[in-house]
Amino acid sequence: MYLKSLKIINFRKFGSENNTVEFVDAQSYQEQKNSKEINIAPTTTLIVGKNNCGKTTIIQALDKLINDNSLKSNDFNFSYIKKLLNSYQASTEKFDLPFIEFIVGIGIDKNNTDLITNLIPFMTLEDINKSKLDIFIRYEVEDAEIFINNIKQLLQKKYRDENLIFNKFLEIIDISNFKLNYYNKNGESIKQFKLKDLMELKSIKANNIEGENCLSKAFSKIIEYRYNILLGGDKEKLESKIIDINSDLTKKFNSHHTKYINDSLGQVVSNDKLKVLLSADLTFQRLMNSLVKYKYVEENLYIPENQFGLGYTNLMMIIADLIDYMEKYPENSFNSKVNLISIEEPETFMHPQMQELFIKNINNAIATLLESKHKNINSQLIITTHSSHILNSKIHSGNTFNNINYITIEKNYANVVNLNDEKITPKSDTKENDLKFLKKHIKYKVSELFFSDAIILVEGVTEYTLLPYYIDKNDKLNKYYISVFNIDGAHGLVYRELIKLLKVPTLIITDCDIKRFDDEKEKFAQISSLKDRITTNQTIIKNNNDNSKLDVLPEYIEYQNMYIIYQGKINRYYATSFEEAFILTNYNNILLNNVLKKIKPNIYKEIIVGNNFSNNKKNSYKWQCKLSNDKSNFANELLYALIIEENKAEIPLLPKYIVTGLEILAKKLKGDESK
């Protein structure tokens, strides 16, 4: 039995759509018992997303359902509450009561039927052979009449200030009693049930470093627990010894200190009115708190924990919490509940390499803890993160995109995207190779696209090198996190489904790739008309209804959250690459000409006769061909010249098609920000 899914409705950042989180299936206990494997989820459920998108809200929802059933107005999604208030103001005839709903999907292990006793009230005859069962949980107004009456009284006051009305509405919610009700899929109420009887949650918070002695305190707690178990009935003997020690010390205090203090005090105030007693107060708890002093070993030196780096301290605190969790389960027993272990943002204070190793090996660490204690705990591991390194390691450790929940915000609601290999690489002849390419290519920085405000895909080293400079100088874009990725040619198509799922505004900068005849290539012929011309660019063709004709091509192609741009006519000619477009746009720019002269002095001398810069226009395709093997050098020399140039008037302009693309991104980002 395991947690398979959680649907969150109207709770905090979540609305009524795109709100189902999927969890990795825990291995069945019986299968592992037969194979003598430790019963721990072989992979981890990862919840990723940018800051403030709702990752922590998912863990908070589970914690509230399992451990804390109270409800306040700030637990509701405010967009939902606002719409509800607007409906009350529009009509006093019908009052839809506020509610928060959760649908907990429980996976059923058919080989282990003794674990589903708590689920029987939710089962119908048709559920017997199913592998999943849904539990419907609702927070509902307990007394509808009182709630509606309070709303009517609020509306009768006819406040003009909308913020005041909304705050008064929140106050009504706060004073209302909400009851947690359970239902089966037929809407039948299930009594005498608590989710706590079915599952437990161990939540390890982010940055749980509290003071420089936190490790000593954490491990003291573990040792105290284990010492209590080991002592058993001998604990009374230890307590007796502690009492004797306190008694002996108190007597010594009295004979050596208390008498002299009181004699001195009696000279000022009568001892009948004021007297002190010094007594020993050693307890088992104080003894345990002072028993452990954490140190770490470095080249045979024992270093105090206050000199321990924050990254390692955070890692040790996570391990300490896990050990504490494991210790609380009886030896040689099996816990029949669904046991959830959540670790929130483990990357805190960790450098990138440690982050990757953490997610790669955390399951092994838990398995080792279980194995050393001969325990079987049916556990599922959930990690929330905004670390691209942890995400990258997760993909490569598991060799799959499965079990990753990507969270983003869309129209003020958290939007959950359940990633898996099938969605990212739909059925095709190249499916297997496409998946291999994605998993390998994403290792090289591309995992950052999950955390970007916008994405720009390019297919050449020059635009990849120069675009970050121009974005940094763009006042409309430089406040956003925009990731630029170099994707070669048609390989950009492999990313299409993934980008579509992530819903991040994406600019795809590609080349027209005008098909030329052999004699045109030999003569470096310029192209001034697209009549009867076709493109060989598969990105353009696939996103333009498989049409390769260039004379009917729109200025740019929009496909959901993707915008595909390419060269248009620049100074009479059509460019076929970024380099050619850049030269056509800035043919008479001194900075550009100096770079061209430095990289290709002979070609430059051949083209620019008598400092006639307009010859650059007439020979733009020739420049493209001659630079084809020196694009990296061209890009780096240009970037160097741009950085050291102090006169803004001398900075070359971006080609028009890229300017248009950046303007589209700016509008989309501003629109998302205003939602």
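The values are calculated or read from the model by the stated rules, or taken from the named source; none is laboratory data. On a predicted model such as this, the values are computed, not experimentally measured, just so you know. In this analysis, Cβ positions are derived from the backbone assuming ideal geometry, glycine residues included, and neighbour counts consider all displayed protein chains.
The sole residue among 622, 600, 618 that is closer than 25 Å to residue 569 by Cα, charged (D, E, K, R) and buried (at least 18 other Cβ atoms within 10 Å of the Cβ) is 622.
Give 264, 279, 342, 333 a once-over and let me know the one that is of a type in the set (S, T, N, Q) and modelled with pLDDT under 70.
Values: 264 fails: modelled with pLDDT under 70; 279 fails: modelled with pLDDT under 70; 342 fails: modelled with pLDDT under 70.
Of the residues listed, the single one that is of a type in the set (S, T, N, Q) and modelled with pLDDT under 70 is 333.
Among the residues of region 506-524, are any within 30 Å of residue 436 (Cα to Cα) and either polar (S, T, N, Q) or surrounded by fewer than 18 Cβ atoms within 10 Å (Cβ to Cβ) (or both)? Yes - at least one qualifying residue is present in region 506-524.
Can you find a residue that is modelled with pLDDT of 85 or more, under 25 Å from residue 69 (Cα atoms) and surrounded by 15 or more Cβ atoms within 10 Å (Cβ to Cβ) anywhere in region 150-161? So that I can check it myself, show each step before the final result.
Going residue by residue through region 150-161, those that are modelled with pLDDT of 85 or more are 150-161.
From the residues that got through so far, the ones that are under 25 Å from residue 69 (Cα atoms) too are 150-151.
Filter once more, keeping what is surrounded by 15 or more Cβ atoms within 10 Å (Cβ to Cβ): 150-151.
Yes, region 150-161 contains a residue that is modelled with pLDDT of 85 or more, under 25 Å from residue 69 (Cα atoms) and surrounded by 15 or more Cβ atoms within 10 Å (Cβ to Cβ).
The combined condition, being at pLDDT 95 or above, closer than 24 Å to residue 493 by Cβ and surrounded by 15 or more Cβ atoms within 10 Å (Cβ to Cβ), is fulfilled by residue 581.
Scanning region 465-522 for residues that are charged (D, E, K, R), in contact with a strand residue (DSSP E or B) (Cβ under 8 Å, 6 or more places away or on another chain) and assigned to a helix (DSSP H, G or I) gives 496, 500.
Among residues of region 393-420 that are at positive phi, those with a Cβ under 6 angstrom from a residue that is among the charged types (D, E, K, R) and in a loop (DSSP other than H, G, I, E, B), sequence gap 6+ or separate chain, pair up as 411/675.
Could you tell me whether residue 529 is hydroxyl-bearing (Ser, Thr, Tyr) and farther than 22 Å from residue 558 by Cβ? Yes: the conditions hold for residue 529.
Would region 609-618 turn up any residue that is of a type in the set (Ser, Thr, Tyr) and at pLDDT below 95? Full working, then the answer.
Filtering region 609-618 for residues of a type in the set (Ser, Thr, Tyr) gives 614.
In the following step, the residues that additionally are at pLDDT below 95 were identified as 614.
Yes, region 609-618 contains at least one residue that is of a type in the set (Ser, Thr, Tyr) and at pLDDT below 95.
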